Every structure is written in structure tokens, then in C-alpha cells.
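What follows is calculated from the coordinates using simple rules that are stated; it is not laboratory data. Keep in mind it's a predicted model, so treat the numbers as computed, not measured. Cβ: placed from backbone, ideal geometry, glycine included. Neighbour counts: every protein chain shown.
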Amino acid sequence: MKKGKGQEINLSVTIAGIELKNPVMTASGTFGYGEEFSPFVDFNKLGAVVVKGLSLKPRQGNPSPRIVETPAGMLNAIGLQNVGVEVFIKEKLPFLRKYNVPVIANIFGENVREYAEVAKRLDETDGIAGLEINISCPNVKKGGIVFGINPKESAKVIRAVKKATRFPVVTKLSPNVTDIKVMAKAAEDAGSDAISLINTITGMAIDVETRKPKLANITGGLSGPAIRPIAVRMVWEAAKVVKIPIIGIGGIMTASDALEFIIAGAAAVQIGTANFVEPDAAIKILEGIKDYCMRHGVKRLKGLIRSLGS
């Protein structure tokens, strides 16, 4: 279909009560706290900014090397290094308040109490539109079991955070599970206002010359184009069992990649690894989505969500 002259396209979406001017968001851990990317990206054009994960206290993360390239992707074992919630509120958030873009704070903890406490600290400030809970973390009080692979444990976190905050809550799901549908439904039932998926897939790389791991942590999280087909499948599966909005994540490098997620069931997408390749990747993907809508006569993006044919 040819481009329509003067055609206005409505790309706005609502995620967990948060009004986004378009569906393109940045992914936590790949966009810092925003300021690092300000020379390359007009934040006012983005749907939302999701900041680097925040913990109750600052974390140094894992020793180096902690990033390694892989075919069609990368492994990272950063170890959730961050400045801590208090420094974020005092030193990082003021910069983001200058822009007309929703800011979503990604949070995590080593136990349920810490998740709730971080949420409470953020609840006492302005400039945040919502929280994204990273449940791909080990519960130190339960022998290291990862919250995100146990529906009962993830539900405890979600309920605690919901109780501690006035903000909408998005739960970021781990792909390292047997059935993503179970985790998606558990998150919805526990009160999550939306879900985002997927987080990275656990992997490792070996230097065959030295016969040692390429990462100091041995294993890391695989991201990039290599995981996109898995992520698209999981979004499609989750969309079959939940009614809450879904945010698609995983190897999105182009507008076509993003549209796969939207057609499969995502109301919005997050751009992650692509930010390392092209700092303005999110803007280019947004422009590509607009072009697609023009070419196909799509006036409202909402009409594409969950539009997969047989």
C-alpha cells in the first residue's frame, strides 16, 4: 500500500495506566540513567525511559571481564551494578525530570523486604511514572532460588511492591522457566499491572585456547538478535493467558523486529542491546514503525496489537 499524504498516525498506547506517546521504550541496563545517551537521543520522542536496575544500597557488580560478544548477540554478567536508590533520587532523577517522557524505575532486591523498601523510597519522590520489578534475582533467604522461576515467590514480591507504592507495577519475567504462561498468569493474579518479557537467557562462553570461561562470573545473560525468536514466542504465549498489557523485549534491532512483538501481542517494546550498537537505535526504530504504518494504512497502532493471523 502506498503512503498516504497527510495521514495522521496515532502511535499512543497505555501501559499499566501510563500514557505513552508511542510504544518504543528503552530497556533497563542498556540505557544507564539516561544522561549518558542525551547527546544522541531526543528523550521527548521516546515512549518511555526505563533506567538501570536499582537496589536498596549501591552495588559494585561482578569482576571483569563481564561482557563478551557472541554470534548475533552478547553475554553480560554485570552483576546489577548500580548507584543505589538514594543516589539515583538525589543525583540522577533530576536530569530526567527535564524531559517530557515517562520514567520507569527498574528495581530489585535480595529478599522481599528489600524490593518493598526500594519501592517505598521511590514512592516518596516525584518524576517516576511506574516501577518495573526485576524478578530474575536470587532470594538469599531461600537458598538462592530465583524469584522469577517460582510463581509463589514472584507473587510475594509483586504483592509487597504493590503494597509499598502508588505507582503502576510492571513485572519483568525471566525466560529461564519451563512454561512462561504460568509465570505470566501468576504475575497478573498477584496484581501486576503489566508484564515485560523477556529478560536475558542464561548462557556461557569458553576460550578454547585457555580452556577458561570468557566471563569472570562463568555464566551470563544472553541478549541480542539471537534470542529474538524465543522472545517473540514467549510474548505470543503470554498474550494467550493474560489480559494485562505486555511489553516485548529481546533482540530488537529494527522496526520490523519491533513489529513482530507487537503483532504477537505486545503493546509496547523495549530496545536493549541495539543501544550499544547504535545509541539512537530507539529513534530509528520508532521512525521505521511510523513508516510501516504509513505504507500499510494503519491509523492507530493499537490495531496491530495481538493481530497475528493464522
* Rounded to the nearest 0.05, what FRET efficiency do Lys243 and Glu209 give with R0 = 41 Å and r taken as the Cβ-Cβ distance? Could you check? => 0.20
* Projected-area average for the stretch 205-310 over all orientations - Cα convex hull basis, square nanometres -> 9.0 nm²
* **Mean Cα-pair separation over length for the chain, i.e. relative contact order, pairs under 8 Å, 6 or more apart, %** => 22 percent
* Structure fact -> The summed charge of the Glu124 Cβ neighbourhood (under 14 Å; Lys/Arg +1, Asp/Glu -1) stands at 0
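Here are some pairs, Lys90/Lys156; Lys156/Lys284; Lys21/Lys181; which of them have Cα atoms lying more than 31 Å apart in this structure? It would help to have the intermediate numbers written out before the result.
Working: Lys90/Lys156 29 Å; Lys156/Lys284 39 Å; Lys21/Lys181 29 Å.
As for pairs spanning more than 31 Å Cα to Cα, those are Lys156/Lys284.
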* Under a point spin-label approximation (7 Å from Cα along Cα-to-Cβ), what is the Asp123-Glu69 distance to one decimal in nm? -> 4.5 nm
* Asked: Quick one: what do you get for the stretch 1-116 if you divide its Cα Rg by 2.2 N^0.38 Å?
  -> 1.29
* Zone of Ser256's modelled label, taken as backbone nitrogen in the stretch 193-235 under 17 Å from a point 7 Å along Cα→Cβ -> 225-230, 232
* Asked: the stretch 87-195: D in µm²/s via Stokes-Einstein (Kirkwood Rh, Cα pairs, 37 °C, 0.692 mPa s)?
  -> 233 µm²/s
* Asked: Which ordering of Ser55, Ser64, Ser28 is given by a fewest-first count of other beta-carbon atoms within 10 Å?
  -> Ser64, Ser55, Ser28
* Asked: Given a Förster radius of 35 Å and the C-beta distance between Lys163 and Lys299 as r, what FRET efficiency does 1/(1 + (r/R0)^6) yield to the nearest 0.05?
  -> 0.30
* In Å and from the alpha-carbon atoms only, list the Rg and Dmax of the stretch 40-91. => 14.4, 39
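Test of understanding: ordering Asp207, Asp123, Asp280 by Cβ neighbours within 10 Å, fewest first, what list do you get?
Asp207, Asp123, Asp280
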* Radius of gyration, Dmax [the chain; alpha carbons; angstrom] -> 18.6, 61
